[in-house]
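Accompanying notes for the structure given below.
Only the coordinates and a few stated rules stand behind these numbers; no lab work does. If you're wondering where the values come from, they're calculated on a predicted model, not measured in any experiment. Cβ placement follows ideal geometry from the backbone for every residue including glycine, while neighbour counts extend to all protein chains displayed.
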Amino acid sequence: MNDKLIVTAHSGCEGTKPNSKEYIMLAMSSEADFIEVDIRDNNGNLVLSHDEVLNSSYELSLGDMIFLLKGSEKKINFDLKEENLLEKVILFLEKNNVKNKYVFSGTVSVNNRQYIHKVLLNPECIDENFYAKIYDYKDFTLFMNNVKDLGFRSINIDYRYIDEEKINRCKKLGIDVFVWTIDDTVTMKKYMDMGVKGITTNFVYDLTRLTNQ
């Protein structure tokens, strides 16, 4: 990867309905590098939904989304909202000959070694209480050493829980830092200057304007 910031369109960005056709089409037309979608299993059918699916309360299936992306080279971040979805999604993508590059975030088992190179690891996958704890620099370094020992090379973290010193410690370990969800240009620029690898945002146009300056 080059040094240019990786921009991820948060599902529902720019005021669209999350996980909708409207959102997908807008994100596809933007300069975002990745489209983020939330994935759940609805009785064996992979669907786009942030919350638990009740009474068919979703607009698009994964198949619908893939159809919309046909012919596009836009990359995809599948934010897995339930356990045991990663291999199901990969099987579906391979079966449907999907050529788009993709990564996974969200609920991912750290024991799933085969696809570890495709994972932006959320810290709570290792420590479910990560965001409830206060990690000083020593404890954070120990935590990130564990991330590295497990084989992960990217983390996906709430920006409010990481600062420049922690970002630098990740870099020294060879771990890329992706942060979510930053929606104001001052904070976007701040974290760009700190050297994060990627930012997820609801305001894609603002962030891509910054990256193009």
Report task. Compute the Rg/Rh shape ratio of region 31-175: radius of gyration over Kirkwood radius, all on alpha-carbon atoms. Result -> 1.00
Report summary line: Going from the fewest other Cβ atoms within 10 Å to the most, one would list Phe140, Phe67, Phe78 as Phe67, Phe140, Phe78
Query - Around Asn42: net Lys/Arg minus Asp/Glu count, Cβ-Cβ under 14 Å - result: -4
Query raised in the report: Counting Lys and Arg as +1 and Asp and Glu as -1, each charge on the Cβ, what is the dipole of the chain about the Cα centre in debye, to the nearest 20?
Result: 760
**Report entry** Estimated inter-spin distance, Asn96 and Asp3, nm [label 7 Å along Cα→Cβ]
**Finding:** 3.8
Requested in this report: Return the sequence-ordered ³J(HN,Hα) values of region 182-196 in whole Hz as given by the Karplus equation 6.51 cos²θ - 1.76 cosθ + 1.60 applied to θ = phi - 60°, using x for Gly and Pro.
Outcome: 9, 10, 10, 5, 5, 6, 4, 4, 4, 6, 4, 5, 6, x, 5
Query raised in the report: Most exposed first by the Cβ proxy, i.e. fewest other Cβ within 10 Å, how do Asp183, Asp38, Asp136, Asp79 rank?
Result: Asp136, Asp183, Asp38, Asp79
Query raised in the report: Cross-link list Lys99/Lys172; Lys4/Lys166; Lys118/Lys171; Lys21/Lys88; Lys133/Lys197: which exceed 26 angstrom alpha carbon to alpha carbon?
Result: Lys99/Lys172
Query raised in the report: How much of the DSSP beta bridge set in region 6-211 is antiparallel, as a percent to the nearest 5?
Result: 15
Requested in this report: Please list the non-local residues whose amide H lies under 5 Å from the amide H of Val103, H modeled 1.01 Å from N, same-chain partners needing a gap of 5 or more.
Outcome: Ile76, Asn77, Phe78
Report task. Whole Å is fine, so just give me how far the alpha carbon centre of region 148-186 lies from that of region 29-95. Result -> 24
Requested in this report: Report the GluC sites (Glu not before Pro) located in region 75-138 that are in a DSSP loop and have at most 15 other Cβ atoms inside 10 Å of their Cβ, or state none.
Outcome: Glu82, Glu83, Glu128
Report summary line: Any residue on another chain or 5+ positions along whose placed amide H is under 5 Å from the amide H of Ile157 is listed here as Phe178, Val179, Trp180
Requested in this report: Please give the net charge around Asn156, taking every other residue with its beta carbon less than 11 angstrom from that of Asn156, where Lys and Arg add +1 and Asp and Glu add -1.
Outcome: -4
Query raised in the report: How much length is gained if the chain between Asp139 and Met25 is pulled fully straight, taking 0.36 nm per residue apart and subtracting their Cα-Cα distance, in nm to one decimal?
Result: 36.8 nm
Query raised in the report: Taking every pair of alpha-carbon atoms in region 27-101, what share in percent sits in each 10 Å bin, from 0 to the bin with the longest distance?
Result: 19, 55, 25, 2
Query raised in the report: If we count other beta carbons within 10 Å of each Cβ, what is the order of Met194, Met188, fewest first?
Result: Met194, Met188
Requested in this report: Scan the chain and report its longest stretch carrying no trypsin sites (Lys or Arg not before Pro) that are both in a DSSP loop and have at most 13 other Cβ atoms within 10 Å.
Outcome: 134-213
Query - Estimated inter-spin distance, Asp183 and Asn111, nm [label 7 Å along Cα→Cβ] - result: 3.8
